[in-house]
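Remarks on the structure that follows.
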Amino acid sequence: MSKLRSEDTPRAGRVRSVRHQSALGWWEMVFADPPPALRKHVRTYCGWREHTTTPLWRIEAPSSDLPVIILFESPVLARHPDNPTDTKAYGSFVAGLYDSCTLVGSSGPMAGIQVNFSPVGARLLLNRPLEDFTNRMVALEDVWGTDAVRLREELAEAASWDDRFAILDREIATRINSAAPVHPSVAWTVQRLVASRGQVRIGELARATGWSTRHLGARVQHEFGLAPKTLARVLRLGHAVGVLKHEGAVRLAEVAIECGYYDQAHFSRDFRAFTGLTPSAFLQGRLPDAGGVAADR
């Protein structure tokens, strides 16, 4: 039984919280940065609780973040936008890299923790190539067995969000430090792609490694699930989505240039190819207070 309570307020310092209440319902997001030793591989922690007044579907666009989600209440519902009848329910799970969007929702009040990893961080955490996770959500028990059950129980029964984040610090550090390393040239290639937000030429990366473009592509796809060119497009799109999610006015032409697109038309075509939406339609779905982007379909 979870001990999540309305008075479970994070202490000042490491964590920061956002709360929302409106006709949509209410939600609370509690964010924390990983400790310095993990920041190379872990992007952020987010604990959350929410209760929406009506079913709310959100769009999850492709990005370089690979999430591990541990749920305390209600499963996550997921479906592809083009196949609304094929809805699946997931408890705690890990997801690989995607090259298309997913719609996610819930069947009731929800609470849990999400940890976003860099591609190399996720590869080390899971200690196996990510090819089998591409475009998939995989039950955490199928990956970690009884350790997944043990971790969920520890997190659910912890007295505060601060304590939950500390548990995750220890668990993640232990797994990453004991993992087999990724080949240096493969890890470097993916890290350069991520650092440049997909705006570096694959040929240049191949020449730097001393491998052929084909060989480098095969190694990257095996270890991380997407070929370098596809990953570069996902990274550009993910950066654009991050910019568009910020509340306030956005100039699409400026976003296109910042994210490495030739022009706004190129940006719009790529955005629609990955999400099924125009950038303008995506903007219209933004929810307040870190609530994500509503999917009106």
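Do you know which residues across segment 172-190 are more than 30 Å from residue 30 (Cβ to Cβ) and touching a residue at least 60 places away in the same chain (Cβ under 8 Å)?
Answer for segment 172-190, where residues must be more than 30 Å from residue 30 (Cβ to Cβ) and touching a residue at least 60 places away in the same chain (Cβ under 8 Å): 182, 187.
Take the residues in segment 51-96 that are of a type in the set (Asp, Glu) and in contact with a Lys or Arg (Cβ under 7 Å, 6 or more places away or on another chain); name whichever of them is nearest to residue 148 (Cα to Cα).
Let us first name the residues in segment 51-96 that are of a type in the set (Asp, Glu), namely 60, 65, 73, 82, 86.
Now drop any that are not in contact with a Lys or Arg (Cβ under 7 Å, 6 or more places away or on another chain), which leaves 65, 86.
Numbers: 65: 20, 86: 26 Å.
Among those that are of a type in the set (Asp, Glu) and in contact with a Lys or Arg (Cβ under 7 Å, 6 or more places away or on another chain), it is 65.
Can you tell me how many residues in segment 128-171 are part of a helix (DSSP H, G or I) and touching a residue at least 12 places away in the same chain (Cβ under 8 Å)?
Going residue by residue through segment 128-171, those that are part of a helix (DSSP H, G or I) are 131-133, 140-144, 146-157, 161-171.
Checking the rest, the ones that are also touching a residue at least 12 places away in the same chain (Cβ under 8 Å) come to 131-133, 140-141, 143, 148, 151-152, 154-157, 161-162, 164-165, 167-169, 171.
Looking only at that region, the number is 21.
In this structure, is residue 200 within 17 Å of the chain's Cα centre (by Cα) and modelled with pLDDT of 95 or more? Before you say what the answer is, go through the steps one by one.
On the way: within 17 Å of the chain's Cα centre (by Cα): no; modelled with pLDDT of 95 or more: yes.
So residue 200 fails the test.
Conditions tested, residue by residue: (1) in contact with a strand residue (DSSP E or B) (Cβ under 7 Å, 6 or more places away or on another chain); (2) among the polar types (S, T, N, Q); (3) buried (at least 16 other Cβ atoms within 10 Å of the Cβ).
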| residue | (1), (2), (3) |
| --- | --- |
| 75 | yes, no, yes |
| 82 | no, no, no |
| 109 | yes, no, no |
| 113 | yes, no, yes |
| 130 | no, no, yes |
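Out of 19, 58, 79, which single residue is over 25 Å from residue 279 (Cα atoms) and either in the same structural domain as residue 118 (by TED's automatic domain parsing) or at pLDDT 95 or above (or both)?
Numbers: 58 fails: over 25 Å from residue 279 (Cα atoms); 79 fails: over 25 Å from residue 279 (Cα atoms).
One residue alone meets the criteria, 19.
Out of (1) touching an Asp or Glu at 6+ places or on another chain (Cβ under 9 Å); (2) modelled with pLDDT of 95 or more, what's the single condition that is false for residue 253?
Condition (2) is where residue 253 drops out.
Considering only residues that are out of contact with any helix residue (DSSP H, G or I) (no Cβ under 8 Å at 6 or more places or on another chain) and in contact (Cβ under 8 Å) with a residue 40 or more places away in the chain, which ones fall in segment 259-291?
276, 285, 287, 288, 289, 290, 291
Can you find, within segment 194-216, the residue that is surrounded by the most Cβ atoms within 10 Å (Cβ to Cβ) among those that are in contact with a Gly (Cβ under 7 Å, 6 or more places away or on another chain) and either part of a helix (DSSP H, G or I) or of a type in the set (Gly, Ala, Ser) (or both)?
198
Given the criteria in contact (Cβ under 8 Å) with a residue 60 or more places away in the chain, part of a helix (DSSP H, G or I) and outside the structural domain of residue 236 (by TED's automatic domain parsing), does residue 121 qualify?
Values: in contact (Cβ under 8 Å) with a residue 60 or more places away in the chain: yes; part of a helix (DSSP H, G or I): yes; outside the structural domain of residue 236 (by TED's automatic domain parsing): yes.
Against the criterion (in contact (Cβ under 8 Å) with a residue 60 or more places away in the chain, part of a helix (DSSP H, G or I) and outside the structural domain of residue 236 (by TED's automatic domain parsing)), residue 121 qualifies.
Consider segment 172-193. How many of its residues are surrounded by 19 or more Cβ atoms within 10 Å (Cβ to Cβ) and in a helix (DSSP H, G or I)?
Pass one, segment 172-193, residues surrounded by 19 or more Cβ atoms within 10 Å (Cβ to Cβ): 172, 176, 182, 186, 189-190, 193.
Applying the additional criterion that residues be in a helix (DSSP H, G or I) yields 172, 176, 186, 189-190, 193.
Residues that pass the stated criteria total 6.
Okay, residues lined up against (1) over 30 Å from residue 21 (Cα atoms); (2) out of contact with any strand residue (DSSP E or B) (no Cβ under 9 Å at 6 or more places or on another chain); (3) among the hydrophobic types (A, V, I, L, M, F, W, C):
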{"site": "217", "(1), (2), (3)": "yes, yes, no"}
{"site": "227", "(1), (2), (3)": "yes, yes, yes"}
{"site": "230", "(1), (2), (3)": "yes, yes, no"}
{"site": "267", "(1), (2), (3)": "yes, yes, yes"}
{"site": "283", "(1), (2), (3)": "no, no, yes"}
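Report whether or not residue 270 is surrounded by fewer than 17 Cβ atoms within 10 Å (Cβ to Cβ), not aliphatic (A, V, I, L, M) and not assigned by TED's automatic domain parsing to the domain that holds residue 83. If you could, list the steps in order and put the result at the bottom.
Details: surrounded by fewer than 17 Cβ atoms within 10 Å (Cβ to Cβ): no; not aliphatic (A, V, I, L, M): yes; not assigned by TED's automatic domain parsing to the domain that holds residue 83: yes.
No.
Tell me which residues, restricted to segment 32-59, are touching a residue at least 60 places away in the same chain (Cβ under 8 Å), in a strand (DSSP E or B) and not small (Gly, Ala, Ser).
Result: 42, 43, 44, 45, 46, 48, 49, 50, 58, 59.
Can you tell me which residue is nearest to residue 58 (Cα to Cα) among those in segment 255-292 that are among the acidic types (Asp, Glu) and part of a loop (DSSP other than H, G, I, E, B)?
Just the residues of segment 255-292 that are among the acidic types (Asp, Glu), to begin with: 258, 263, 270, 289.
Then drop every residue that is not part of a loop (DSSP other than H, G, I, E, B), which leaves 263, 289.
Details: 263: 28, 289: 14 Å.
Taking the candidates together, the pick is 289.
The values are calculated or read from the model by the stated rules, or taken from the named source; none is laboratory data. The structure presented is a predicted model; accordingly, all values stated were derived computationally and were not measured. Please note: Cβ atoms are built from the backbone with ideal geometry, for glycine as well, and neighbour counts cover all protein chains shown.
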